[in-house]
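Trainee: Got a structure here, written out as structure tokens. Questions coming.
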Amino acid sequence: MTAGSAIQIPSRLPLLLTHEGVLLPGSTMRTSVDSPRNMQLVRSRLLKGTSLRSTIIGVIPNTSDPTSDCDDLPSLHRIGTAALAVQVVGSNWPKPRYTLLVTGLCRFQILQLLKEKPYPVAEVEQLDRLEQFTNQHKSEEELGELSEQFYKYAVQLVEMLDMSVPAVAKLRHLLDNLPREALPDILTSIIRTSNQEKLQILDAVRLEERFKVTIPLLVRQIEGLKLLQKTRKPKQDDDKRVVAIRPNRRISHIPSTTEDEEEEEDHDDVVMLEKKIRTSSMSEQALKVCLKEIKRLKKMPQSMPEYALTRNYLELMVELPWNKSTKDRLEIRAARILLDNDHYAMEKLKKRVLEYLAVRQLKNNLKGPILCFVGPPGVGKTSVGRSIAKTLGREFHRIALGGVCDQSDIRGHRRTYVGSMPGRIINGLKTVGVNNPVFLLDEVDKLGKSLQGDPAAALLEVLDPEQNHSFTDHYLNVAFDLSQVLFIATANTTATIPPALLDRMEIIQVPGYTQEEKIEIAHRHLIPKQLEQHGLTPQQIQIPQVTTLDIITRYTREAGVRSLDRKLGAICRAVAVKVAEGQHKETKSDRAEVGEEDCKEHVTEDAKTESISDTADLALPPEMPILIDFHALKDILGPPMYEKEVSERLSQPGVAIGLAWTPLGGEIMFVEASRMDGEGQLTLTGQLGDVMKESAHLAISWLRSNAKRYQLTNASGSFDLLDNTDIHLHFPAGAVTKDGPSAGVTIVTCLASLFSERLVCSDVAMTGEITLRGLVLPVGGIKDKVLAAHRAGLKRIIIPRRNEKDLEEIAVNVRQDLTFVMASCLDEVLNAAFDGGFAVKPRVERVNSKL
Ligand code: ADP
């Protein structure tokens, strides 16, 4: 292809007949192929052909191809465009069909049709030169004035468009670099022209004629653009681009169509948004990002998915409380009163919270530790968090973290994803609308981990006072200052909180309540709350303390007060039905005497409470107040769920009561053992963890090595306890996995009872880890365990001596009810567990019989 040599198209060309669209040399067109002849051409020529020549076809415009290949070929348009098939895309469904991408090369004229089937082929004559455009000077000279005029208009048109758009810049470049003779075809395919006009240009084989036909089209386009720009407000040049890339707007039409109006409205919205951004108090960095985004938004057509995305983003940025905060009104005395009023007991927690608030009042910054309340469910952790917000006069927001296993939940998704959104922290800030709320991170111990990253790691940044002034949510992509937010966390156990997170927080244990505390909480807080919720008054229902105690001991077994609250709710519901029924009867019978007005009072609840004092006698049916005694309790809640089973279960040797700690509070745990003939095997059941299994082996080993000392024998009287004997140890509540070393002393006691055939005292519970040499080591969760023993009505508790200090945390009334035995070795445990001790003494009878 040397410079100046003309490139020739083949003299025989297969013909593609198109009905819609006119392909001009130098432009590209996509056309669909579905008629039989055209399909044949694609199949046998384009798909099978291997040379470049085979991809050159003749495109004949304005000629519809017959739908059946038997039909005669219609008369063909005389002039066509030789084209290069650049791409063939096919699909077979719902019917076979191809789409062809063709680029026009040059004009040709049909000389003679050579064949019609399976697709038409014609002998053609090339009309345009197809050259490497190197002979610019020559063409300029030839065309002279006409070409100059055309060029001027073309430049004017392109300059009206937005040069920052790459396609426009490229067009400008082409104008300067292409030979002028190529320009009419190219520009006609860019500007808005009808098919008929394009056909005219195609038919204009002489260059001069082509210029003449194209110039009015260019002028028309320029005028149209001018008109449109005039009708729009004088705005940024960006709009030119919007004009240019809107394909279906009739530029030459009257400007104020409804479409335009809609766009105006949208534009107004965007302007409003920009105003909001400028007036909002966001950080400098955020402002910069927002202004950049709004600039992009203005240039973007609304149909683009990114438009909505960007807009949502900007709206969120405007809504976020960058600088908006509530004023703290902190008065320690008032805070103490409020905390005391809202919550009974929990002295330690309230004390620490007040200390925390006092330091805040003096120092006025939050760079203290993050408080984390750890305790069983229903002990008021969330509710204390809410009270803290109330005392500070701050907004409160709870973020439930249970089950969260994706770090995007905390940090948000990057905006590149469809459906991306900010994380929970930023969302929470948007919800409360201020930048200094109290955020309660609920259940931090239940954070999960998954392939989507570790949410706990994301929380680290949020909770670190040194870092959180520039917390960057992935969605926002700019830093947000979280340093004013007061974070409080809650958890059921510290065991599953990731260590790094634990390190950032100050743990405050919130143990379960004693029965007395629960009674007080019920009467001071829960019952009044339930009465109010059910529209009842104390004149209508009375729950004496003994009944509350019954509910606590026989219908609930929990460390907190949540199910107690539910049971009280159930009672209130049942009473509400009775009261409503009673009122109905009352109103019916009284109607004649009392009259309509009073009847209304009975029905509306608000009026009811107010009218109690003056119309009490009338409003209350005779049996009021309904007294909830044990029978009523049975009627409403059904038979008691928990009975005191302790003494029953300890009626045979081989059973001992241990104390266990669970995230739901302390529990008492029966350990059962039995022996049978066998080969010295130990069977353990009840879903035990490895540590617990080891404790069982330790216990057996210790007992075997001390069997002689304690005169423990197997069934056949041998001191080798496992000789011909199998032992089975079971920990009931088999569905719950148990682990931990603290059952050691209980297993020893249980086995000692089995082998000595003596009963363990029925009011003793114990906890403690053992060593092989018979020492008792300290364990955790003493307070919860003691409360559980107290709930179960046990009287004596054996704990490791080194746990003695933990008893100070236990309420005095509970301590008074219980006797504590401090044990530092297993001898002491056994002595305390059995009536009359478990002293080392010879078994007189057996010794006698041997003699
Ligand atoms: P948690 O967050 O520990 O699971 P909640 O804070 O949800 O428990 O408490 C459950 C219910 O018990 C709440 O209605 C709360 O008001 C009530 N409650 C718990 N402890 C107390 C208390 N000491 N005084 C008054 N109400 C309490």
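Trainee: Could you sort K327, K351, K518, K529 by accessible area so the largest value comes first, with the probe set to 1.4 Å?
Mentor: On the way: K327 170, K351 130, K518 5, K529 90 Å².
Ranked list, largest accessible area first: K327, K351, K529, K518.
Trainee: If one computes the Cα centroid of region 167-208 and of region 782-829, what distance in Å separates the two points?
Mentor: Going from one Cα centre to the other spans 97 Å.
Trainee: Another question, then. Students often get this wrong, so check it: of K230/K276; K48/K170; K518/K578; K230/K295; K634/K738; K529/K738, which have C-alpha atoms separated by over 29 Å? Present the calculation step by step, with values, prior to reporting the outcome.
Mentor: Numbers: K230/K276 27 Å; K48/K170 35 Å; K518/K578 27 Å; K230/K295 22 Å; K634/K738 34 Å; K529/K738 37 Å.
Beyond 29 Å: K48/K170; K634/K738; K529/K738.
Trainee: Let me ask something else. What is the packing order of peptides 668-674, 339-345, 535-541, taking the mean over residues of other C-beta atoms within 10 Å and listing the highest first? Display every interim value, and only then the final one.
Mentor: On the way: 668-674: 20.6, 339-345: 17.1, 535-541: 18.7.
Per-residue Cβ counts within 10 Å, averaged per peptide and sorted highest first, yield 668-674, 535-541, 339-345.
Trainee: Just the C-alpha atoms of region 719-779: what Rg/Rh do they give, with Rh taken as the Kirkwood radius? Please report the intermediate quantities before stating the final value.
Mentor: Numbers: Rg = 13.0 Å, Rh = 13.3 Å.
With Rg and the Kirkwood Rh in hand, the quotient comes to 0.98.
Trainee: What is the packing order of peptides 103-115, 426-438, taking the mean over residues of other C-beta atoms within 10 Å and listing the highest first? Mind showing how you got there, number by number?
Mentor: Values: 103-115: 17.1, 426-438: 18.9.
Result, highest mean first: 426-438, 103-115.
Trainee: Can you list residues from other chains, or at least 5 along the same chain, whose modelled amide H is less than 5 Å from the amide H of V760?
Mentor: Excluding prolines and chain starts, which carry no amide H, the hits are G654, V655.
Trainee: At 1.4 Å probe radius, can you tell me the per residue accessible area of region 332-509 in Å²? It would help to have the intermediate numbers written out before the result.
Mentor: Details: 7410 Å² over 178 residues.
Dividing the accessible area of region 332-509 by its residue count gives 42 Å².
Trainee: Can you sort W322, W661, W702 by solvent-accessible area, 1.4 Å probe, largest first?
Mentor: Working: W322 30, W661 100, W702 10 Å².
The most accessible residue leads, giving W661, W322, W702.
Trainee: Which whole-Hz couplings ³J(HN,Hα) result when phi for each residue of region 745-757 is put into the Karplus expression 6.51 cos²θ - 1.76 cosθ + 1.60, θ = phi - 60°, listed in order with x for Gly and Pro?
Mentor: 5, 5, 5, 4, 4, 4, 6, 4, 5, 5, 7, 8, 6
Trainee: How much accessible surface area, in Å² rounded to 10, belongs to the heavy atoms of M641 with a 1.4 Å probe?
Mentor: The accessible area comes out at roughly 100 Å².
Trainee: Average projected area of the Cα convex hull of region 645-833, in nm²?
Mentor: Working: hull surface 38.6 nm².
That works out to 9.7 nm².
Trainee: Just to make sure I understand: if all protein chains stay in place, what is the order of E116, E520, E347 by accessible area at 1.4 Å, largest first?
Mentor: Values: E116 80, E520 50, E347 120 Å².
Reading off the accessible areas and sorting them downward yields E347, E116, E520.
Trainee: Could you sort 36-43, 288-295, 439-446, 725-732 so that the peptide with the highest average Cβ count within 10 Å comes first and the rest follow in order? Please list the in-between numbers first.
Mentor: On the way: 36-43: 20.6, 288-295: 16.2, 439-446: 22.9, 725-732: 19.1.
Ranking the peptides 36-43, 288-295, 439-446, 725-732 by packing returns 439-446, 36-43, 725-732, 288-295.
Trainee: Sequence-distant or interchain residues sharing an amide H contact under 5 Å with L664, placed H: which?
Mentor: none
Trainee: Which value, in Å² rounded to 10, gives the accessible area of F471 with a 1.4 Å probe and all protein chains present?
Mentor: 0
Trainee: Report, largest value first, the span of the C-alpha coordinates of region 342-485 along each principal axis, in whole Å.
Mentor: 50, 32, 24
Trainee: How much area per residue is accessible in region 150-223 when the probe is 1.4 Å and only protein heavy atoms are counted (Å²)? Spell out each step's value before the answer.
Mentor: Numbers: 3290 Å² over 74 residues.
Per-residue accessible area for region 150-223 comes out at 44 Å².
Trainee: Right, next: Using the Cα centre of region 645-833 as the reference point, and only Cβ charges (+1 on K/R, -1 on D/E), how large is the resulting charge dipole? Debye, rounded to the nearest 20.
Mentor: Details: 18 positive and 23 negative charges, 86 e Å.
In debye, rounded to 20, region 645-833 gives about 420.
The values are calculated or read from the model by the stated rules, or taken from the named source; none is laboratory data. Here the structure is a predicted model, which means the values were calculated and not measured. Note: ideal-geometry Cβ built from the backbone for every residue, glycine included; neighbour counts use all protein chains shown. What goes into the accessible areas is simple: the full protein's heavy atoms, side chains included, and nothing from ligands, DNA or RNA. Shrake-Rupley method; radii C 1.70, N 1.55, O 1.52, S 1.80 Å.
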